[in-house]
């Protein structure tokens, strides 16, 4: 299966097959080194960078990035940001501890109406819809997929977990691993709160190795996975004994957290295998888990495992020998040398010749959150600015992402979403004959008359969209600007002819200028305005159904 020719088997509208729309069959492998990109830099390259690193970018943001050089642009995306305000009680008067407009994150658990969960889910979507020119939100999802939790029935635990991911999203991976190991939500999800000296529970220890740090290599012998052994799992589980979460679903305790119980900790000396140099972990009480992680991070497999995941997340799922040698290994070396500062491999990758290779443009299928935010953010879909309307709008987006099989805080299993690890399909798992219809139905509904959900209308003001373009009088410039915001590739001649025919059916280009000027001269004329709106909506509806629109 090549990088872009996947769609013809699932698209329900036969007129929109890949061949009809000019998608090329591209089997060539991407090349380019890890050295900093020095080729042409402009709107095309800036748009590619933003498609991969933020949740939706409008034309002005793309233009802003294009005015910088590649190094400055990436550094801007990696800049540290202040932590945002936490989720609020947006319209539930019944909570005696939290008034409307206040945050509930340090208040007692409140079960009635389940409003804390709705607020948390809405707030999570709101962070993705923030429009920030920063990599942090994409990395929060990356780490949620890497360190997943699920079945957590206390929104305060989810907020603390999300905050941990957010604080270290572009920070030190080793420290993040230490923090997440004793995070209250993770202690519950992987049974760390049940791990005691008399009954060691190996769940977290196994995933710490197999998924979170060194990864599971090929089987080298009985219980030996090249990167760790079964004996290591047993020993490490003992190192992690004695921790529990505090305040889960408590109507009395406001500030939740964790607690070390010395009496439940295994105080024996733990022996690791040859995969960790035969290291011995002595009893260190509440500091032992951190000492253990320091030992694990001495393995060269940690940096390689994470850099492969970063590559699949930001570039492409296929890692051949050339990519492993010339891209992954230099990233891993920089990662280790920095003491596991995640910015180092990210900066190297996102500034590289390889990242900007033309074969790496438009070869990732958007996950549901990328699909939704790329409909909403560039086209400035916003509710009324009041608190309740804003949260209900965010919640509607969260719920639609869940319908599209990507519910935040509920990944399918401890390995995360299959699209990020399931060979050979990877991203292709986001699309099926069902999900493509759901995606198309949503965009069609928005463009037809807007979507009403929870009393909030989601609609695109298409005339404001056109008015805000650099040259709204030239039909070719209009389509070029919209393509830059929505598609990873320029229109082919055939595509341009089809789309232009929707705006000015069978007419010369200057007819668009005449019609647009007519609208500007008569903005209150309902017949003229609606006629122009209808054509723009039809054009966008066609564009949103194109196979390329599913690509990043």
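The values are calculated or read from the model by the stated rules, or taken from the named source; none is laboratory data. Please read these numbers as outputs of a predicted model, since none were measured by experiment. All Cβ positions, glycine included, derive from the backbone under ideal geometry; neighbour counts span all protein chains shown.
Numbers below:
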item: The stretch 194-209 - residue that is in a helix (DSSP H, G or I) and surrounded by fewer than 22 Cβ atoms within 10 Å (Cβ to Cβ) and, of those, farthest from the chain's Cα centre (by Cα); result: 194
item: Of the criteria (1) farther than 27 Å from residue 341 by Cα; (2) surrounded by 15 or more Cβ atoms within 10 Å (Cβ to Cβ); (3) in contact with a helix residue (DSSP H, G or I) (Cβ under 6 Å, 6 or more places away or on another chain), which one residue 37 fails; result: (1)
item: Set 106, 134: member being over 26 Å from residue 377 (Cα atoms), touching a residue at least 40 places away in the same chain (Cβ under 8 Å) and part of a loop (DSSP other than H, G, I, E, B); result: 106
item: Filter result for residue 508 (out of contact with any helix residue (DSSP H, G or I) (no Cβ under 8 Å at 6 or more places or on another chain), assigned to a loop (DSSP other than H, G, I, E, B) and at pLDDT 95 or above); result: yes
item: Residue in the stretch 324-340 that is surrounded by fewer than 16 Cβ atoms within 10 Å (Cβ to Cβ) and farther than 29 Å from residue 41 by Cα present; result: yes
item: Residue check, residue 502 in contact (Cβ under 8 Å) with a residue 12 or more places away in the chain, surrounded by 15 or more Cβ atoms within 10 Å (Cβ to Cβ) and over 32 Å from the mean Cα position of the chain (by Cα); result: yes
item: Hey, residue 12 surrounded by fewer than 21 Cβ atoms within 10 Å (Cβ to Cβ), within 26 Å of residue 378 (Cβ to Cβ), in contact with a helix residue (DSSP H, G or I) (Cβ under 8 Å, 6 or more places away or on another chain) and modelled with pLDDT of 60 or more or not; result: no
item: Test: residue in the stretch 177-184 that is touching a strand residue (DSSP E or B) at 6+ places or on another chain (Cβ under 9 Å), in a loop (DSSP other than H, G, I, E, B) and either free of Cβ contacts under 8 Å to residues at least 12 places away in the same chain or closer than 17 Å to residue 239 by Cα (or both); result: yes
item: Count - residues of the stretch 149-164 that are outside any helix (DSSP H, G or I) and buried (at least 22 other Cβ atoms within 10 Å of the Cβ); result: 2
item: Within the stretch 397-415, tally of residues that are out of contact with any strand residue (DSSP E or B) (no Cβ under 9 Å at 6 or more places or on another chain), part of a helix (DSSP H, G or I) and within 14 Å of residue 373 (Cα to Cα); result: 3
item: Residues of the stretch 210-237 satisfying the condition of being free of Cβ contacts under 8 Å to residues at least 40 places away in the same chain and not in a helix (DSSP H, G or I); result: 216, 218, 219, 220, 221, 222, 223, 225
item: Any hit, the stretch 327-334, residues being without any contact (Cβ under 8 Å) to a residue 60 or more places away in the chain, out of contact with any helix residue (DSSP H, G or I) (no Cβ under 7 Å at 6 or more places or on another chain) and over 30 Å from residue 241 (Cβ atoms); result: yes
item: Some residue of the stretch 111-122 being outside any helix (DSSP H, G or I) and touching a residue at least 60 places away in the same chain (Cβ under 8 Å); result: yes
item: Pick from the stretch 85-103, criterion in contact (Cβ under 8 Å) with a residue 60 or more places away in the chain and part of a loop (DSSP other than H, G, I, E, B), ranking: farthest from the chain's Cα centre (by Cα); result: 97
item: Unique match (being over 28 Å from residue 173 (Cβ atoms) and either surrounded by 22 or more Cβ atoms within 10 Å (Cβ to Cβ) or within 14 Å of the chain's Cα centre (by Cα) (or both)) among 355, 393, 398, 408; result: 393
item: Scan of the stretch 368-390 for residues that are in contact with a helix residue (DSSP H, G or I) (Cβ under 8 Å, 6 or more places away or on another chain), farther than 25 Å from residue 545 by Cβ and buried (at least 17 other Cβ atoms within 10 Å of the Cβ), ordered by number; result: 383, 390
item: Considering residues of the stretch 462-491 that are touching a residue at least 40 places away in the same chain (Cβ under 8 Å), more than 29 Å from the chain's Cα centre (by Cα) and not in a helix (DSSP H, G or I) only, the residue surrounded by the most Cβ atoms within 10 Å (Cβ to Cβ); result: 472
item: Residues (part of a loop (DSSP other than H, G, I, E, B), free of Cβ contacts under 8 Å to residues at least 40 places away in the same chain and surrounded by 15 or more Cβ atoms within 10 Å (Cβ to Cβ)) located in the stretch 244-282; result: 279
item: Condition check for residue 226: surrounded by 14 or more Cβ atoms within 10 Å (Cβ to Cβ) and under 33 Å from the mean Cα position of the chain (by Cα); result: yes
item: Residue in the stretch 509-523 that is more than 27 Å from the chain's Cα centre (by Cα), touching a residue at least 24 places away in the same chain (Cβ under 8 Å) and under 26 Å from residue 440 (Cα atoms) present; result: no
